[in-house]
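Nothing in this text is a laboratory measurement; each read-out follows from the coordinates by a stated rule. Predicted, not measured: the structure shown is a model, and the values here were computed from it. A quick note on method: Cβ atoms are made from the backbone with ideal geometry, for glycine too, and the neighbour counts reach across all protein chains shown.
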Amino acid sequence: MVREVPEGRPGSGGTGDEGPGEGPRGWVRGLHPLDWLAGGLLALGLLAVVTGLLPEDPAAAEMRRVGPLVVFLGTVIVMAELTGRAQVFDVVAAWVARAGRGRYPLLFGLCVAFASLTTITLNLDTTAVLLTPVMLALATRVGIAAVPLAMTTVWLANTASLLLPVSNLTNLLAAERVALSPSGLAAVMWLPQLAAIAMTSLWLWVFYWRRGRRGADRYTPPGPPVARDPVLLRICAVACGGFLLAILLADVPLWAASSAAMVVVVVAFAVRRRQELRLSLVPWRLLVLVPGMFLVVQTVDAHGLHGLLESALGSGNGFLGMLRSAGVGAGLSNVLNNLPAYLAGEAVVPAGNHEQLLALLIGVNVGPLVTPWASLATLLWFERCRFHGTRIALGRFVSTGLVLSVTGTAAAVCALALVG
């Protein structure tokens, strides 16, 4: 039997359901540190507008830009969360383990493909929040080491997020800046994406999956998966597939496609499992974090950061300029976080330097693998690992992540230069 996905996962959109009798004080005590961070950033951003540190016109322009992104983020994460509860990910994970036939090299390739496809089509935060617990539970069920599966999930949540606008919020921003449709971005980034996944696969095998690391020669495949509600599972799977086709083959805004797919999934749950529709599904943290971060970065950029980054990034649009931009993006992501790193860098890159901007995008997507706070997906992944009881050695995480960050970023930038 496929495991049930628990409700109210920490970090997946709310803080879980409060117990009976809890009032506002209990709700406040239940807030996660990331919730406080999101609220603090929004408060700082609004304070900057009120005090005049950030003039009203630039602030309004930022909010007009962020509006469709927030709608997309909210709807796609609700869709993905309900898709997880319909056991789509559980069934696929069990199928992957069965298809591996007890052979680790085959299981490795299938897990890489599964995690990459989830990130590319449903957003890196979906991989971190929904796929991580499924893969860790699968490891427990079939008796294989959890850390290789966990590292596969977090690394590919970041490095496999280059191909489509849906894969990462930074991609949405970059595609808008260089006027690329989803298929247009894919046409430019397909080779960098393959290079990043190939480099990730190499170091995953060397550091975590080879015989000396995983500790076993074979594993026992699980039994066939049995869905609790096959009809709901099929509806959610079709909705996800339709969403992907809409953004690739039709000239449909991302927010409209994700909203339509979410409505299909929500209606299906309303008919078949109404009790699972609750406000905690909405990713309030992200909906507060994103506009707050836009306003704060815009304010800091207007008061000195712009000049510093201008010197660091330069204005070169050739290969060396691309490497430089990617390196600065990766480094700044690991110091701060990849989203503010991209926002600050984008403001500095000259309007016509598309290659330099896409190299910056590679740096902030593939590079944030060294520190736990380098991307929101990594923070959510650490949270899920702690909840499951899987211990991740921080020293090994940092050292192996540094190797992949440098080599993966460099390989993807070289691939981008070849695509031109």
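Given labels modelled 7 Å from the Cα in the Cβ direction, how far is it in nm from Thr51 to Leu249?
Distance between label points: 5.3 nm.
Roughly what % of Cα-Cα distances in region 50-117 sit above 13 Å, to the whole percent?
Tail fraction, whole percent: 75.
Which whole-Hz ³J(HN,Hα) couplings does region 64-74 yield from phi under the Karplus relation 6.51 cos²θ - 1.76 cosθ + 1.60, θ = phi - 60°, glycine and proline marked x?
Once rounded to whole Hz, the list reads 5, 6, 7, x, x, 5, 5, 4, 4, 4, x.
Take each of the peptides 50-62, 257-269, average the number of other beta-carbon atoms within 10 Å over its residues, and list them starting from the highest.
Answer by packing, highest mean first, reads 257-269, 50-62.
Give me the one-decimal nm value for the distance between modelled label points at Ala179 and Arg234, 7 Å along each residue's Cα-to-Cβ direction.
4.5 nm
How high is the FRET efficiency between Phe319 and Met63 when r is their beta carbon distance and R₀ equals 51 Å, given to the nearest 0.05?
Efficiency computed from Cβ-Cβ geometry: 0.90.
Work out the FRET efficiency for Arg210 and Val419 from their Cβ-Cβ distance, taking R0 = 25 Å, and round it to the nearest 0.05.
The calculated FRET efficiency here is 0.20.
What is the ratio of the Cα radius of gyration of the chain to 2.2 N^0.38 Å, where N is its residue count, to two decimals?
Taking N as the residue count of the chain, the ratio is 0.95.
Trypsin sites (Lys or Arg not before Pro) within region 347-413: which are DSSP loop residues with at most 13 other Cβ atoms inside 10 Å?
Arg391
Suppose a student asked you for the relative contact order of region 33-419, using Cα pairs under 8 Å spaced at least 6 residues apart; what percent would you report?
Taking the mean separation of contacting Cα pairs over the length of region 33-419, I get 25 percent.
Can you list the trypsin sites (Lys or Arg not before Pro) in region 267-353 that are in a DSSP coil and have 15 or fewer other beta carbons within 10 angstrom?
Arg273, Arg278
Taking the simple approach of a point 7 Å from Cα along Cα-to-Cβ for both Leu202 and His303, what is their distance in nm?
4.4 nm
Just to be sure I understand: if I project the alpha-carbon convex hull of region 129-171 onto a plane and average over all orientations, what area do I get in nm²?
Spelled out: convex hull of the Cα atoms, projected over all directions, averaged, 3.2 nm².
Rg and Dmax in Å for region 110-233, alpha carbons only: what are they?
My reading of the Cα-based Rg and Dmax gives 16.4, 49 Å.
Which percent of Cα-Cα pairs in region 254-319 sits in each 5 Å bin, short to long?
Per 5 Å bin, starting at 0, the Cα pair percentages come out as 3, 12, 11, 14, 12, 10, 10, 9, 8, 6, 5, 1.
Please pull out the direction-averaged projected area of region 355-420, using the convex hull of its alpha-carbon atoms, in nm² to one decimal place.
Directional mean of the projected Cα hull area for region 355-420 stands at 4.7 nm².
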